[in-house]
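Visitor: Quick one: the structure is below, questions incoming.
The values are calculated or read from the model by the stated rules, or taken from the named source; none is laboratory data. In this text, all values refer to a predicted model and were calculated from it rather than measured experimentally. Don't worry about glycine lacking a Cβ; one is built from the backbone with ideal geometry, like all the others, and counts go over all protein chains shown.
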Amino acid sequence: MRYLKIVSTGILMSLLFVGLTSISAFAQEPRYYPPQEVEHLVSRVALYPDPLLAQVLAAASFSDQIPEAARWADQHRNVTGDALSRAISDDNLPWDPSVQALLPFPSVLGMMASDMPWTQNLGNAFLAQHDDVMDAVQRMRHHAYDYGYLRTNPQIVVTGGPYIEIRPVRPEFLVVPAYDPAVVFVRPRLGFAVGGAVRFGFGVTVGAAFRPWGWGLNRIAWDSHAIFINNARWDRNWHNRAVYVHPYEIRHVGGPRAEERHEVHEQVVRERVDDRVDHARADEHRADEHRADEHRADEHRIDEHKKVEEHKKVEEHKDKRDDDHR
């Protein structure tokens with residue numbers, strides 16, 4: 001009986017521990033990324049034009065949505081312009097607007113989806129170490145500029161100075177640079193032609209039809225480390241990531257965001273733990289009742305045994321009295 005009670009109590013404590021462990025996983029402190037690692041994280045996108053870089057950093061903070069968005073973008077690769085913006089709107093896509101904003105750039109989403117650990121780390125660093133990320137981008141741009149790889153061309157305007165800006169020549173036409181980070185951020189070897197190391201071939205027009213996703217109203221204020229998307233400062237960070245909602249015309253309508261799903265998951269975990277605790281308590285209560293029944297049965301058997309013994313004694317006494325009488 002004592003064994004059953006010990007087991008029931010052990011199960012109850014185990015369930016509470018598992019549930020609390022699952023919930024606390026979502027409240028953990030962010031990982032710290034040292035400067036060299038942050039530089040490595042931003043190196044793939046540091047030379048993107050400022051408006052595109054702003055969207056990529058914001059979208060990376062919703063890394064769990066990137067793979068599905070990349071598949072949707074690849075399936076609609078041949079749809080462009082107004083037809084693409086209508087397709088995005090008509091499908092009522094569930095992802096954050098910052099992720100939807102990259103749908104016209106299937107190569108960018110494909111790159112992000114192909115290396116999810118990198119995308120997740122970039123997003124986490126952007127949420128938890130915003131200033132470090134912005135500083136790292138500037139350091140990498142300065143390397144590429146100082147070594148001669150990054151220059152103004154027919155697609156982009158590069159402004160030097162303490163902060164290097166990369167702006168599209170035509171605000172509605174954004175080019176995606178192709179380059180090898182292992183090449184453009186280090187000093188070129190003697191005789192190496194630096195002019196072709198960064199290629200600006202693939203471009204996308206994101207005109208008025210894409211304004212609901214913030215295009216045309218994106219910029220980076222490098223002196224204050226501020227990113228503006230849809231003409232509003234992006235203030236999502238590690239601590240407010242579950243509640244922050246950036247102002248857009250467009251909304252994701254198909255489901256909750258990742259953090260909101262985490263909150264739902266936490267609630268489900270709590271409910272499941274509560275259910276299991278209730279079941280464990282019910283089992284323990286049934287065990288207590290069973291033990292009480294057994295105890296009552298034992299007492300009944302003892303009473304019956306006493307009655308039998310008393311009856312035997314009465315009979316024995318009667319027989320003895322009869323013998324004496326005879």
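Residues checked against (1) touching a Lys or Arg at 6+ places or on another chain (Cβ under 7 Å); (2) assigned to a strand (DSSP E or B); (3) modelled with pLDDT of 95 or more:
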{"site": "Val158", "(1), (2), (3)": "yes, yes, yes"}
{"site": "Ile166", "(1), (2), (3)": "no, yes, yes"}
{"site": "Val175", "(1), (2), (3)": "no, yes, yes"}
{"site": "Pro188", "(1), (2), (3)": "no, no, no"}
{"site": "Phe192", "(1), (2), (3)": "no, no, no"}
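Visitor: Let me ask something additional. Output the residues belonging to the range 20-54 that are assigned to a helix (DSSP H, G or I), farther than 30 Å from His143 by Cβ and modelled with pLDDT of 50 or more.
Guide: Within the range 20-54, Ala27 is the sole residue that qualifies.
Visitor: Could you check, for the range 189-199, whether at least one of its residues is under 29 Å from Thr80 (Cβ atoms) and in contact (Cβ under 8 Å) with a residue 60 or more places away in the chain? Write out each step before concluding.
Guide: Our first condition is that a residue be under 29 Å from Thr80 (Cβ atoms); within the range 189-199, this holds for 196-199.
Subsequent filtering for residues that are in contact (Cβ under 8 Å) with a residue 60 or more places away in the chain retains 198.
Yes - at least one qualifying residue is present in the range 189-199.
Visitor: Return only the number of the condition from (1) buried (at least 17 other Cβ atoms within 10 Å of the Cβ); (2) under 26 Å from the mean Cα position of the chain (by Cα) that Asp131 does not satisfy.
Guide: (1)
Visitor: So, in the range 214-248, how many residues would count as being free of Cβ contacts under 8 Å to residues at least 60 places away in the same chain and hydrophobic (A, V, I, L, M, F, W, C)?
Guide: So the answer is 7.
Visitor: Taking Val183 and the conditions (1) more than 26 Å from the chain's Cα centre (by Cα); (2) surrounded by 13 or more Cβ atoms within 10 Å (Cβ to Cβ); (3) aliphatic (A, V, I, L, M); (4) outside any helix (DSSP H, G or I), which numbered condition does it fall short on, given that it satisfies the others?
Guide: Result: Val183 fails condition (4) only.
Visitor: Does Leu52 satisfy the condition of being over 14 Å from Trp215 (Cα atoms) and surrounded by 24 or more Cβ atoms within 10 Å (Cβ to Cβ)? Step through it out loud before you land on a result.
Guide: Numbers: over 14 Å from Trp215 (Cα atoms): no; surrounded by 24 or more Cβ atoms within 10 Å (Cβ to Cβ): yes.
Here the answer is no, as Leu52 does not meet what is asked.
Visitor: Then there's this: Of the residues that make up the range 111-121, is at least one under 13 Å from Ala46 (Cβ atoms) and either surrounded by 15 or more Cβ atoms within 10 Å (Cβ to Cβ) or touching a strand residue (DSSP E or B) at 6+ places or on another chain (Cβ under 9 Å) (or both)? Give the derivation first.
Guide: Of the range 111-121, the ones under 13 Å from Ala46 (Cβ atoms) are none.
The answer is no; no qualifying residue exists.
Visitor: Sort out which residues of the range 114-141 are within 21 Å of Pro49 (Cβ to Cβ) and among the aliphatic types (A, V, I, L, M), and write them in order of number.
Guide: Result: Leu122, Ala125, Val133, Met134, Ala136, Val137, Met140.
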